[in-house]
1. Give the Rg/Rh ratio for the stretch 202-246, taking Rg as the radius of gyration of the Cα atoms and Rh as the Kirkwood radius, to two decimals.
2. Which percentage, to the nearest 5, of the DSSP beta bridges contained in the stretch 194-330 is antiparallel?
3. So which DSSP H runs in the chain come out at 18 Å plus along the axis (Cα) with average Kyte-Doolittle of at least 0.0?
4. Within the stretch 203-236, which residues have the backbone N less than 20 Å from the label spot 7 Å out from residue 53 along Cα→beta-carbon, could you tell me?
5. Once every Cα of the stretch 156-265 carries one equal point scatterer and solvent is ignored, give the base-10 log of I(q)/I(0) from the Debye formula at q = 0.13, 0.20 Å⁻¹, two decimals.
6. Return the calculated 222 nm mean residue ellipticity for the chain, to the nearest 500 deg cm²/dmol, obtained by summing -39500 (n - 2.57) across DSSP H runs with n ≥ 4 and dividing by the residue count.
7. Give me the compactness ratio for the stretch 217-295, meaning the Cα radius of gyration over 2.2 N^0.38 Å.
8. What do you get for trypsin sites (Lys or Arg not before Pro) in the stretch 82-132 restricted to DSSP loop and a cutoff of at most 10 other Cβ within 10 Å of the site's Cβ?
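The values are calculated or read from the model by the stated rules, or taken from the named source; none is laboratory data. Model, not experiment: these values are computed from the prediction. All Cβ positions, even for glycine, are placed from backbone atoms using ideal geometry, and neighbour counts span all protein chains on display. To get the accessible areas, we keep the full protein, side chains included, count just its heavy atoms, and leave off ligands, DNA and RNA. Shrake-Rupley method; radii C 1.70, N 1.55, O 1.52, S 1.80 Å.
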Amino acid sequence: MPRYARLAATARYLPEIEVSNDDLRRRFDQALPDFVNKMEESSGIRSRWQAPDSWSTSDVALPAARLAIERAGCRPEDVDLIVVGTDSPDYITPATSVVLQHKLGAKRAGTFDVGCACASFPTGIASAAGIIATNPAINTVLVVGVYRMSRLADPNDPLIYFYGDGAGAAVLTAGEEPGFLGAAFQADGAYARHWGIFSGGTVEPATEESVRAGRTTVKMLERYPPEINHEGWPRLVRKLASDIHTGLDAIDFIIFTQVRKPSIELVMQDLGIPMEKTHTVMEQWGYTGSACIPMALDDAIEKKRVAPGALLVLVGSGVGYNQAAVAMRV
């Protein structure tokens, strides 16, 4: 009998400290007049939320993980596997997932991290689904996308405009009906030096000089051309639809990385899918990176925009660059 991963529950966590665009105008307008206005117009982001300074990434992940497990009718000790997707980890090593496992009290669970930046959540879903399909002993998997990039950013860098903290989680359980249908991936490492944290790893271990120069904080060194998403997302969705033998018109709901609302509008038009079949949250929550897709999904489910049995597609895009898409029946 085939085994499929099925979506049992979702949840999200948004921290309580709001940083509005007006807050950023007061900070940056003297040095960079009209910068925030231009970013607001081009992205749609009006606000973002941040965790207290004392919180790590696993602390942000914990409330969403707990709520998803509760909504799935499970206990932490019922979880077989925890997958955490983030590019703002607690540490370079050990994995953030193992820290979260301990904080959750999920004593039976194995763990691993996915480090595909903002493509991590669909990559984590695809990984979890494959493990469930091929391992009869794995029946309950917690997948978390979490972002705490504000903690790793220079507060004087205007690009903190984007960084909102948050977490989204999903519980996948084994079933006999699909469920998870398929995944597609694409990447181009030629862009690996465009945006990232470039000191603190093996290329350049952190030193006093690299800290003073700001290389241990997140930096954009070169802008990404817009066609990476404007052309890459439609190509990925078409490949996924072909791989699972369905047409674009069969997609009931689709959620993209929440970085620029105009990009989502352009891509939906390219695909011929009406905007009513997508959902955006960046306007009020900012760019929450690895967390933005599960947060948007949970919000859409809460608002009853995703019906039971719907064909759902999730499309993630992250620095590197990495892109991933998954399809499932809700």
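1. Answer for the stretch 202-246: 1.35.
2. Percent antiparallel among DSSP bridges in the stretch 194-330 is about 70.
3. Membrane-span-like by this criterion, though nothing is claimed about a membrane: 57-71, 120-134.
4. Zone members listed by number: 211-218.
5. -0.77, -1.24
6. For the chain, the value works out to -9000 deg cm²/dmol.
7. On the way: Rg = 13.6 Å, N = 79, 2.2 N^0.38 = 11.6 Å.
Cα Rg divided by the expected 2.2 N^0.38 Å: 1.17.
8. 107
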